[in-house]
Amino acid sequence: MERGSFRQLKLLQTASQWQQACQTRSSQSLILSPEDPGADAHLNRYRDYLGHEFESVLLDCQAGLNADAICALCGTIVGGGELIILLPSDNSAMVERLLNFASQYFSNNALPANASESFKKAQTEHQALVEVLTSEFINEDSLHTHILVAERGRGKSTLLGKALAEVSATCAETEIIVTAPRKANAQVLLKQAPTATFKAWDKLLEQPGDSTKQLIIDEAAGIPLWAIETLCQKFTPWLLATTVAGYEGCGRGFAIHFQQWAEKHLPKVKNHRLSAPMRWPENDPLEHWLTDTFLMDETTTALTPELADGQFIEHASQLQENTLRQCFQLLLNAHYQSSPNDLNLLLSDPLHRLAYTRQNGEVVAVAWLIEEGPVPKELHTPILQGKRRPKGNLLPQAIGYFLQQTWALSTCWLRVARIAVPAGLRHQGYASELLDFIRQHPSYKHIDKIGTSFAWEPGVAKFWEANGFVPWRTSHRLDSVSARPAAIYVRADSMGDGSSSNTSLTDDISQWAKAEQNWLINAHSKIPKNLITNPLLHLLVKTYVNGHIPFDAAHFALVVYYQNKRPTDELTQYLSRPSCSLKQLAQLYGCASKQQANVKLRKDTAPLV
């Protein structure tokens, strides 16, 4: 195989084509499939292969496109290799997009005349940066934290490994730790520096801080942002590398958020960008296909002054290409958990739509809207009892289960999944005006309630509250990526005349949720005495005693109940702390496990109900 040649793409549409491709695979290939017994692994295990190199990658997407897997593994294919995808049988807008851009970029794939020059450019770029990094470290000349950002195939891991190897040979007394989302992701780095010390990032979090230890983080976007920040405070961060595309977990949004955090909290920071590819020649058609198909181009999209200004709600598949690019770029940059699968959802699911405001050809606000509910009646009881949690319908299921509100499962909801405004245009009312437009849009006349779910933090909560949304639930568990509790906010008034417009009921829910949120955030705040008459109190405690909701979902209700029934008990004092866990209750009770403590608490509580 000629590594200096362009990479190829094959989009298959039949099982026989797939079998033929698998039978002729090379020894340096990877096959991922959710069903094929001859595959190397399930398609969902694609992250295990980041940091590897393959001559060909075969992905079985017949049961459904996995855009994250496609984007991730495309970067592992070396020059002259090929990406082979078995497409779904349905003719969705996303599948059409893959095919359309394939016909655009794979009509002329001759060996590039400037292949050697392309690789020479990448090598020169690498050598210069390695020299900067190593000389600064060895000479202890105003040591910086270096953040290396690039697209896949630019040799970030190789560069980190070379710099580490050179520094280790000269400064053997300095301890340098390498971490990554998985050890397999650091394979290329460790190959360059075989004596390096690798430690799992979650284990590093458990260790005491030590600023004398230098830290290298590869594939940083695959680690939760809060964990990266904590590691940078516990140790001395030297080199961090991340890919800007969203498939690593956080993606471009991660790069933006982390760079902002680093500039604010770390003493000295330098940002670097690698442009020339190392694994394939420049102007590779597969890279161009990937970038355009999944809208991963970071360059600013050209404005479209010829298109009408105003506010619009449309399905993504109906949008003009430039408008789709602007909307999706906004969503990618604003949210650090965005991924290529988001585009697949927007283009393929009829219940997902985009609301946006265009002004002088520029999209100045965009919202991702999802219609949810009603949930099929036969699922109501299993959901309320915690036996089923079907995919989708986040708002009706969360409110139905955690608050035991049966009506929520029969209600039509509109969830604002995300809302974004360009950084330079924020705090000018664009997002609020778009929300007003959405609420009044005739296509949503059948909607009863509009709500949202987000990682709670004061600034975001203030925005939603200013737009008439009130808290309905705040999780007691922290999100693994944001390290913030997930919160559900619902517009106080109803969008329709359905059963959910019961003002007394929604007031009870809002009163309860506000008090619970205040207790979670301000542990020493007093709990309002009038909560004892709130119907949610008895409902949640009874449901917990019956074993249908977990401890954390009933924790606040138990606090209110025990403070009223047994205010001086030691158990009440334990429960009254938001940080109280089943592990702590097990110690109090003398139980061998959290499960035993949970059973005992239910038994102790039953006579009080």
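See the values below:
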read-out: Relative contact order computed over region 117-274 (Cα-Cα under 8 Å; 6+ residues apart), in percent; value: 30 percent
read-out: Carbon plus sulfur fraction of accessible area for region 8-109, probe 1.4 Å, in percent; value: 41 percent
read-out: Using a Förster distance of 60 Å, the FRET efficiency for Asn91-Glu570 (Cβ separation, nearest 0.05); value: 0.40
read-out: Share of carbon and sulfur in the accessible heavy-atom surface of region 310-506 [1.4 Å probe, %]; value: 50 percent
read-out: Long pairs among Lys162/Lys268; Lys156/Lys234; Lys203/Lys603, criterion Cα-Cα beyond 31 Å; value: Lys203/Lys603
read-out: Hull shadow area, averaged, region 8-109 [alpha-carbon convex hull, nm²]; value: 6.2 nm²
read-out: Contour minus Cα-Cα distance for Ser480 and Glu314 (0.36 nm per residue); value: 56.5 nm
read-out: Unsatisfied cross-links (Cα-Cα over 27 Å) in the set Lys377/Lys565; Lys199/Lys270; Lys514/Lys594; Lys120/Lys199; Lys377/Lys449; value: Lys377/Lys565; Lys514/Lys594; Lys120/Lys199
read-out: Region 65-187 pair-distance distribution - Cα-Cα, 5 Å bins, rounded %; value: 2, 7, 13, 17, 15, 12, 11, 9, 6, 4, 3, 1, 0
read-out: If the convex hull is drawn through the Cα atoms of region 366-409, its volume per residue in Å³; value: 69 Å³
read-out: Charge-dipole axis of the chain as Lys and Arg at +1 and Asp and Glu at -1 on Cβ define it, positive-most pick from Phe258, Ala172, Leu414; value: Leu414
read-out: Projected area averaged over orientations for the chain, convex hull of C-alpha atoms, nm²; value: 31.1 nm²
read-out: The chain, helix-only ellipticity at 222 nm - DSSP H runs n ≥ 4, -39,500 (n - 2.57), divided by all residues, nearest 500; value: -12000 deg cm²/dmol
read-out: Residue-count net charge about Ala39 - beta-carbon cut-off 12 Å; Lys, Arg +1, Asp, Glu -1; value: -2
read-out: Average Cα contact separation per residue, the chain, under 8 Å, 6 or more apart, as relative contact order %; value: 10 percent
read-out: Exposure ranking of His257, His144, His126 by accessible area [1.4 Å probe, largest first]; value: His257, His144, His126
read-out: Helix axis angle, 115-138 relative to the chain longest principal axis, alpha carbon, degrees; value: 60 degrees
read-out: Rh (Kirkwood; distinct C-alpha pairs) - region 529-608, Å; value: 12.6 Å
read-out: Bridge type composition, the chain - antiparallel percent by DSSP, nearest 5; value: 45 percent
read-out: With DNA, RNA and ligands ignored, accessible area of Glu96 (1.4 Å probe; Å², nearest 10); value: 60 Å²
read-out: Area accessible to solvent at His42, 1.4 Å probe radius, in Å²; value: 80 Å²
read-out: Check: the chain dipole with +1 on Lys, Arg Cβ and -1 on Asp, Glu Cβ, in debye; value: 2100 debye
read-out: Förster-model FRET efficiency, 30 Å R0, Lys583 and Glu35, C-beta, rounded to 0.05; value: 0.15
read-out: Considering only region 313-452, percent of DSSP beta bridges that pair antiparallel, nearest 5; value: 80 percent
read-out: Along each principal axis, Cα extent of region 329-416, largest first, Å; value: 50, 22, 22
read-out: Convex hull volume per residue in cubic angstrom - Cα atoms of region 462-609; value: 133 Å³
read-out: Scattering curve values for region 127-216, log₁₀ I(q)/I(0), Debye with Cα scatterers, q = 0.12, 0.16, 0.18, 0.21 Å⁻¹; value: -0.36, -0.66, -0.84, -1.15
read-out: List Ser494, Ser482, ordered by accessible area with a 1.4 Å probe, largest first; value: Ser494, Ser482
read-out: For region 49-138, accessible area per residue (1.4 Å probe, heavy atoms of protein chains only), Å²; value: 39 Å²
read-out: Near-label residues of region 360-400 by backbone N, under 13 Å of a point 7 Å along Cα→Cβ of Asn322; value: 360-363
read-out: Whole-percent carbon and sulfur share, accessible surface of region 529-608, 1.4 Å; value: 49 percent
read-out: Relative contact order %, region 529-608, counting alpha carbon pairs below 8 Å whose residues are six or more apart; value: 27 percent
read-out: Normalised convex hull volume, region 117-274, alpha-carbon set, Å³ per residue; value: 103 Å³
read-out: Top positive-direction residue, dipole computed over the chain with Cβ charges, set Leu83, Gln320, Ile138; value: Ile138
read-out: Projected-area average for region 310-506 over all orientations - Cα convex hull basis, square nanometres; value: 11.3 nm²
read-out: Region 529-608 - accessible surface per residue (Å², probe 1.4 Å); value: 50 Å²
read-out: Nearest 10 degrees, 0 to 90: helix 551-565 Cα axis against the chain principal axis; value: 30 degrees
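The values are calculated or read from the model by the stated rules, or taken from the named source; none is laboratory data. As the structure is a prediction and not an experimental result, all values here were calculated from the model. Note that we place each Cβ from the backbone using ideal geometry, even for glycine, and neighbour counts take in every protein chain shown. All accessible areas refer to the heavy atoms of the entire protein, side chains included, with ligands and DNA or RNA removed. Shrake-Rupley method; radii C 1.70, N 1.55, O 1.52, S 1.80 Å.
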